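Let me begin by presenting the structure, written as structure tokens, before commenting on it.
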Ligand code: SF4
């Protein structure tokens, strides 16, 4: 798991000797090489291990990190889950020999066992970063580093063979190639905008001011200069791994969060009550924690009416969050008006249903509340009242029966009822009974993980039968901690933070709270300042940018002190994403935007990039025709704050050349860009985002064609 303030890994050489020692009585010994965060990854570690014959370092396990395992000596069996087996997945084995290596994606069950007589030695890279999902990502795969040991390649002085290059969950691109470097050859220092790890298999190399002999690991930090040469008589052979971070565009796309543009949701959360009659031990309302900031308030019918009249695009409203909505004295009028205006009302965050008159229960049916979740954490009064302090199980069941009777009378299925069973140690034995009762009451049934220590700092009645709750929760997790460990994010975090966009949470008195977790600060009052004004003001837009890692925390933003944001921030380590890399990522957005435009004079780029294009216009070399005469990459001005970083500055300048080339083309199909870009496009093609890469390939092909004719 990510540790706050961990070491930043610096460029360095790490030689080691084989076979790695195993102390008397030991069967497995890891030898740490490096560990920490990088500009690309929030966590990266490398270790070599020795494993005695017939032993495994651990039972098959899965974790949310990605890994590469390379066999250095001996033979091992990797033990993998058979995902294709039917009901009960089993495990199968694959034999790996010296220099075989595998990639394990996140959450992929695996273990290993030494098969050879001498202990096996292997090396592992393990990492985690900002995650982003795509349709095609690198899956578990087995490779062999043989090409690095063969005299392959056209240029025998420096031959490189691509092993793979694909996106992963944490990387825009994981690239691997095998290199043979002949005696006396090498290349000059240069800068890569990604981290590079090299496993030296044979021979020796000079790099970072020292000579390192095989076996050894070399790490190059993103943005730091490095070159390599072979000072020895024999050929050096090594495997290169490049860790390319996701582009800002890709991260934004997969976050599902909208970066620019007006927020105008048709679905909002408008709390009908922040008062509750129960005293549940893990609930901030039940424990009086929300009283000071939110108070015990009810949504007024007049405010509700005004809001939906003024914002006719609102189609759905969630009424429950902090309190018991059925205590609201005007709930019937609210339900009736929503029904009349054809706005779908729901209470899916939950009601305790302990207090409700027959009229209110009838109104739920008559005015077609769409759905309602009933919090029932037990199947008997004795169990139920342990957590629902002050509640009465029998009364709740009686109210459900009354609703069902009204549903029959009105011949309707609405509201759809769900029995929500929060799993605790004291009630888990009643899960099955509760499920059966729910079926009998025509309710859906859902096991939810408890708040744990989220609000109160202490966990009430932790689950004991973890396997049962893993199964029943349907997410293979028994509590929030386990969920965090498996997914690298908090349970329901994405849903909660996503509410800052859609559906936003509004308090009963009109204060825009943003999400259903925040109860401390607000973003204005929608009843007083208008819904769209509040949803699009500077403060909430800043909070959205913060959640995307684009802005630092700010005191007046509720997220700054939120447990979700703080752990996400330490876990994702926004700070380690250096300023320069952010600029590079921003340029990728520009390239993609301009690339999407067939004519820059039209407004199309602005549609894709919004203010970004305007904002960075001064950075674009205009006119690009001047570029053709330039021998040196264009200098980046010191005002950009990156003037000192010459090498990265050059990388950025190279991008500017691309931007200019693409920008200058009224249609990428014509050859005009070639006049300006030519070989430059090829050299820096790997820096481009994927769609632009395709463009670059086309440009380069046309460039060659023009040259030859
Ligand atoms: S970080 Fe916390 S306060 Fe901010 S949106 Fe997410 S859950 Fe709400």
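Laboratory data are not the source of any read-out in this text; all were calculated from the coordinates shown. Values in this document were obtained by computation on a predicted structure and should not be read as measured data. Cβ coordinates were reconstructed from backbone atoms using ideal geometry, including for glycine residues, and neighbour counts include every protein chain displayed.
Mean shadow of segment 159-240, computed from the convex hull of its alpha carbons, in nm²?
With every direction weighted equally, the projected area is 5.2 nm².
I need the peptides 419-431, 462-474 ranked by packing, meaning the mean over residues of other C-beta atoms within 10 angstrom, with the highest value on top.
Ranking the peptides 419-431, 462-474 by packing returns 419-431, 462-474.
Compute the FRET efficiency between residue 359 and residue 305 as 1/(1 + (r/R0)^6), taking r as their Cβ-Cβ distance and R0 = 22 Å, and round to the nearest 0.05.
0.65
Take peptides 229-236, 32-39, 347-354 and line them up by average Cβ neighbours within 10 Å, highest first, as a rough protection proxy.
347-354, 32-39, 229-236
Order the peptides 523-530, 70-77, 239-246, 209-216 from the highest to the lowest mean number of other Cβ atoms within 10 Å of their residues.
Sorting 523-530, 70-77, 239-246, 209-216 by mean packing, highest first, produces 239-246, 70-77, 523-530, 209-216.
Per residue, what volume in Å³ does the convex hull of the Cα atoms of segment 468-538 enclose?
110 Å³
Can you grab the distance from the C-alpha centre of segment 178-249 to the C-alpha centre of segment 283-313, Å, no decimals?
So the separation of the two Cα centres works out to 60 Å.
Tell me, what is the percent relative contact order of segment 27-104, built from C-alpha pairs under 8 Å that lie six or more residues apart?
25 percent
Roughly how many Å is it from the Cα centre of segment 475-492 to that of segment 1-68, as a whole number?
24 Å
Only Cα pairs under 8 Å and at least 6 apart count here; give the relative contact order of segment 439-496 as a rounded whole percent.
25 percent
Once all Cα-Cα distances of segment 505-552 are split into 5 Å bins that start at 0, what whole-number percent is in each one?
5, 24, 31, 23, 12, 5, 1
So, how do all the Cα-to-Cα distances of segment 245-393 break down into 10 Å bins, in percent, from 0 on up?
11, 34, 29, 18, 8, 1
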